[in-house]
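Colleague: One structure is given below, represented as structure tokens, and several questions about it will come after.
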Amino acid sequence: MKKFIIGTAATVLILTIIFSIQQGILFSKTLPYDDEQSGLDTQITIHLSHVVAENTPKGQAAIKFAELVEEKTKGKVKVHVYPNASLYNDENEFKALQDGKVEMIIPTFSKMTAYVPDWQVLDLPYLFHTDDEVHEVLTGPIGEQLLDELKPFNVRGLGFWHNGFKQLTAEHPIYTFEDLQGLRIRTMPSKTLERQFSIVGATPVPISFSEVFTDLESHAIDAQENTASNIYSKGFYKVQKNMTVTNHGILGYSVLMNEKFWQQLPPKVQQQLMEAMQETTEWQFKQAVLINAEDLRKLQQQSDFDIYTMTDNERQRWQEQFAPVYDYYRTNVKQPHILAEIQKIISP
Ligand code: LMR
């Protein structure tokens, strides 16, 4: 009996010691250093402002980027997305970014040409023929070279995103470029885009995206150029009766971050953000093509909205008519050789 009591006591003692060691009660364990844990108390917030609807190539990509950032940083970085110009519009978003009032914006490259005139190359009519060409140029060395030009502005270019090819909407049908004569056509603010319309006898009217619907509705402007996704998501088809599928130029975005904010981020977070950016970009280019095709289909289903697709012959005439825009561009930029570099990549 005595032996049994001593044996049981010894077993209980041994089990207690093993349990205590496992739980770190007897010998405290030092946790390996994990730099992800060092900043758990410092949540980083990125306010991302943009001007379009959520169900668009840019709106969807902004949401995807926010999700990927959250996932890759394990919740340390939160991206709050403000769509539809709910925080800042075309006129004031770049200043808000420079002043650090928001950390990210995604303006069209056309809207950035006042600061970076070389980006006008992307506005040239009939330069690109396919979405793949746009992808190759914007995600390759030429894209990087263009983004580098942001350095003097306290702004970091994280990359370019795509929307798609632009079409024209108008009150009256546009079959030939002569039909544009005398029209007040809204453009994004870019000297090259303005020249593209003045050369065909129209009056370019550069106004903010958030004013386009009301200006079309009140007939302050007669026409506008945009992608199917912007035309559909902003309801321009409700206040215009006609659209011509011209594919005469591209609309795309620069993804911008305040440079000072970027510099203050831990290197690991910078790397995670760039990974999220690269993943979003690859997804975004594909998504943009799908959304525009789908929105074109939806536009085709609208009653009271006629869609005309330009013939190849007519496209040839427009291209010839637009040729002097290229000369104008060359005299307006610091590095006209970028055009030749792009032309080497794309088909003639
Ligand atoms: C426009 O102003 O037409 C576009 O920039 C809107 C956008 O951001 O896609």
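Colleague: Which of the residues that make up the range 288-322 are closer than 30 Å to GLY59 by Cβ and open to solvent by 90 Å² or more (accessible area, probe 1.4 Å)?
Modeller: Across the range 288-322, the qualifying residues are LEU290, ARG297, GLN300, GLN301, SER303, ASP304, ASP306.
Colleague: Mind checking whether some residue in the range 137-153 is aromatic (Phe, Trp, Tyr) and more than 18 Å from the chain's Cα centre (by Cα)?
Modeller: yes
Colleague: Within the range 138-188, work out how many residues are open to solvent by 20 Å² or more (accessible area, probe 1.4 Å), assigned to a loop (DSSP other than H, G, I, E, B), in contact with a strand residue (DSSP E or B) (Cβ under 6 Å, 6 or more places away or on another chain) and of a type outside the set (A, V, I, L, M, F, W, C).
Modeller: The total comes to 1.
Colleague: Which count do you get for residues in the range 134-180 that are of a type outside the set (Ser, Thr, Tyr) and within 20 Å of ILE221 (Cβ to Cβ)?
Modeller: 12
Conditions tested, residue by residue: (1) within 11 Å of the ligand (Cβ to nearest atom); (2) in a loop (DSSP other than H, G, I, E, B); (3) at pLDDT below 95; (4) not charged (D, E, K, R).
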residue: ASP41; (1), (2), (3), (4): no, yes, yes, no
residue: THR45; (1), (2), (3), (4): no, no, no, yes
residue: ILE63; (1), (2), (3), (4): no, no, no, yes
residue: ALA66; (1), (2), (3), (4): no, no, no, yes
residue: LYS74; (1), (2), (3), (4): no, yes, no, no
residue: LYS78; (1), (2), (3), (4): no, no, no, no
residue: ALA85; (1), (2), (3), (4): yes, yes, yes, yes
residue: ASN89; (1), (2), (3), (4): yes, yes, yes, yes
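Colleague: Could you list, in sequence order, the residues of the range 209-232 that are small (Gly, Ala, Ser), within 9 Å of the ligand (Cβ to nearest atom) and modelled with pLDDT of 95 or more?
Modeller: SER229, the sole residue that qualifies.
Colleague: Only one of GLY159, GLY164 is touching a Ser or Thr at 6+ places or on another chain (Cβ under 6 Å), at pLDDT 95 or above and away from the ligand (no atom under 12 Å from the Cβ). Can you tell me which?
Modeller: Unique residue meeting the criteria: GLY159.
Colleague: Only one of (1) in contact with a strand residue (DSSP E or B) (Cβ under 9 Å, 6 or more places away or on another chain); (2) more than 19 Å from GLU133 (Cβ to Cβ); (3) of a type outside the set (Lys, Arg) is not met by GLU275, so which one is it?
Modeller: All conditions pass for GLU275, except number (1).
Colleague: I would also like to ask the following. Of GLU294, GLU341, which residue is within 25 Å of the chain's Cα centre (by Cα), more than 30 Å from VAL239 (Cβ to Cβ) and assigned to a helix (DSSP H, G or I)?
Modeller: After applying the criteria, what remains is GLU341.
Colleague: So, one more: Wholly within the range 189-257, which helices (runs of 4 or more DSSP H) include no fewer than the required count, namely at least 3 residues that are touching a residue at least 60 places away in the same chain (Cβ under 8 Å) and either open to solvent by less than 10 Å² (accessible area, probe 1.4 Å) or touching a Cys at 6+ places or on another chain (Cβ under 8 Å) (or both)?
Modeller: 191-198, 228-233
Colleague: Among ASP118, ASP132, which is the only one that is away from the ligand (no atom under 15 Å from the Cβ) and open to solvent by 10 Å² or more (accessible area, probe 1.4 Å)?
Modeller: ASP132
Colleague: Same structure again: State which residue pairs qualify: first residue over 12 Å from LEU48 (Cβ atoms) and assigned to a loop (DSSP other than H, G, I, E, B) and inside the range 96-108, second residue of a type in the set (A, V, I, L, M, F, W, C) and more than 15 Å from the ligand (Cβ to nearest atom) in any location, beta carbons under 7 Å apart, and separation of 6 or more residues or different chains.
Modeller: GLY100/PHE261
Colleague: Which one of these does VAL239 not meet: (1) closer than 23 Å to LYS191 by Cα; (2) aliphatic (A, V, I, L, M); (3) within 16 Å of the ligand (Cβ to nearest atom)?
Modeller: (1)
Colleague: Can I ask one more? Checking GLU70 against (1) in contact with a strand residue (DSSP E or B) (Cβ under 7 Å, 6 or more places away or on another chain); (2) open to solvent by less than 40 Å² (accessible area, probe 1.4 Å); (3) part of a helix (DSSP H, G or I); (4) away from the ligand (no atom under 16 Å from the Cβ), only one condition comes out false. Which one?
Modeller: Looking at each condition in turn, GLU70 falls short on (2).
Colleague: Identify, please: which residue in the range 262-287 is more than 21 Å from ILE44 (Cβ to Cβ) and in contact with a helix residue (DSSP H, G or I) (Cβ under 7 Å, 6 or more places away or on another chain) and is, among those, most open to solvent (accessible area, probe 1.4 Å)?
Modeller: Of everything passing the filter in the range 262-287, TRP283 is most open to solvent (accessible area, probe 1.4 Å).
The values are calculated or read from the model by the stated rules, or taken from the named source; none is laboratory data. Since we're looking at a predicted model, the values are computed, not measured. Every residue, glycine as well, gets a Cβ built from its backbone with ideal geometry; the counts of neighbours run over all protein chains shown. Accessible surface is based on the protein model in full, side chains and every heavy atom, while ligands, DNA and RNA are left aside. Shrake-Rupley method; radii C 1.70, N 1.55, O 1.52, S 1.80 Å.
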